[in-house]
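The values are calculated or read from the model by the stated rules, or taken from the named source; none is laboratory data. This is a predicted model, so every value here is computed, not measured. As a convention, Cβ positions derive from the backbone with ideal geometry for all residues, glycine included, and neighbour counts pool all protein chains shown.
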Amino acid sequence: MEIIPFIRLKKRKIITEKGDLLSLDETRKLVNKEGQIYILDLDGIEKNRPNLCLYPKISEFQKIWVDAGPRVLGDIVDTVMAGAANITVRKKLWPDLHVPSIKEITESRIYTDIDTTTHNMYGVDFSLLDYIDGLVNFTSKNHIENDFKFSSHLKDLCAKYKMYAYESSPENFPYWKTLGVAGLLIDINEIKEAHRNGI
């Protein structure tokens, strides 16, 4: 299972889940030799003002996967030009999302989120599944375990698609392995703990 360090960007700063600020040097040291880093750009998602100036700086030392809430094709172009190798798109923010159009302008891998608040009880817009490279899940382990149908559905999706899941609690890391996810997005401060747990 792939381990991907996870950071948040807000107001041109790199922050951890607990709100700690990280410099570029600290981020570089914590990432170590992981294959890529997942960037959740809160300004992009919440305000449509992504921190594009930080992407090239991070991509100098790490392959970047950007989740900044693109809303039009121009946002994809900007994100790719800033260094993104992978991009997460959110149907909630881009209602008329057409993934084949994105694939025409970039070779970056395109993922979509599982959003249980908007699409349907399974959180996935099924019309996208033939075109995307994978799924990103931010639904908590507790929520999944409390809904047998949703849990079963996620296992089916993991069997058919590359699914990555965000997890902030080290004690839950093994759960995702049994679910069959391709990788875990883990807060950058918990990377060492994930490796200690054999993940």
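Quick one: how many residues across region 165-196 are under 21 Å from Lys18 (Cα atoms), not small (Gly, Ala, Ser) and not in a helix (DSSP H, G or I)? Adding up the residues that qualify gives 6.
Could you tell me whether any residue of region 39-46 is exposed (fewer than 14 other Cβ atoms within 10 Å of the Cβ), touching a strand residue (DSSP E or B) at 6+ places or on another chain (Cβ under 7 Å) and either over 20 Å from Glu190 (Cβ atoms) or not polar (S, T, N, Q) (or both)? Scanning region 39-46, I find no residue that is exposed (fewer than 14 other Cβ atoms within 10 Å of the Cβ), touching a strand residue (DSSP E or B) at 6+ places or on another chain (Cβ under 7 Å) and either over 20 Å from Glu190 (Cβ atoms) or not polar (S, T, N, Q) (or both), so the answer is no. Number of residues in region 144-164 that are in a helix (DSSP H, G or I) and either surrounded by fewer than 13 Cβ atoms within 10 Å (Cβ to Cβ) or in contact with a Ser or Thr (Cβ under 6 Å, 6 or more places away or on another chain) (or both) equals 8. Could you say whether any residue in region 69-87 is at pLDDT 95 or above, over 18 Å from Pro56 (Cβ atoms) and touching a helix residue (DSSP H, G or I) at 6+ places or on another chain (Cβ under 7 Å)? Yes, the conditions are met somewhere in region 69-87. The condition of being under 17 Å from the mean Cα position of the chain (by Cα) and either buried (at least 23 other Cβ atoms within 10 Å of the Cβ) or within 20 Å of Thr27 (Cα to Cα) (or both) holds for Lys63. Checking the stated criteria, Leu135 turns out to be part of a strand (DSSP E or B), more than 30 Å from Asp25 (Cβ to Cβ) and hydrophobic (A, V, I, L, M, F, W, C).
Residues in region 125-138 that are more than 20 Å from Ser108 (Cα to Cα) and within 12 Å of the chain's Cα centre (by Cα): Phe138 only. Are any of the residues in region 110-125 surrounded by fewer than 19 Cβ atoms within 10 Å (Cβ to Cβ) and in a helix (DSSP H, G or I)? Taking every residue of region 110-125 in turn, none turns out to be surrounded by fewer than 19 Cβ atoms within 10 Å (Cβ to Cβ) and in a helix (DSSP H, G or I). Under the condition of being under 15 Å from Tyr111 (Cα atoms) and crowded, with 18+ Cβ neighbours inside 10 Å, the residues counted in region 76-87 number 6. Pairs linking a residue in region 63-77 that is over 13 Å from Asp41 (Cα atoms) to a residue that is of a type in the set (Gly, Ala, Ser), with Cβ atoms under 6 Å and 6 or more positions apart or on different chains, are Lys63/Ala85.
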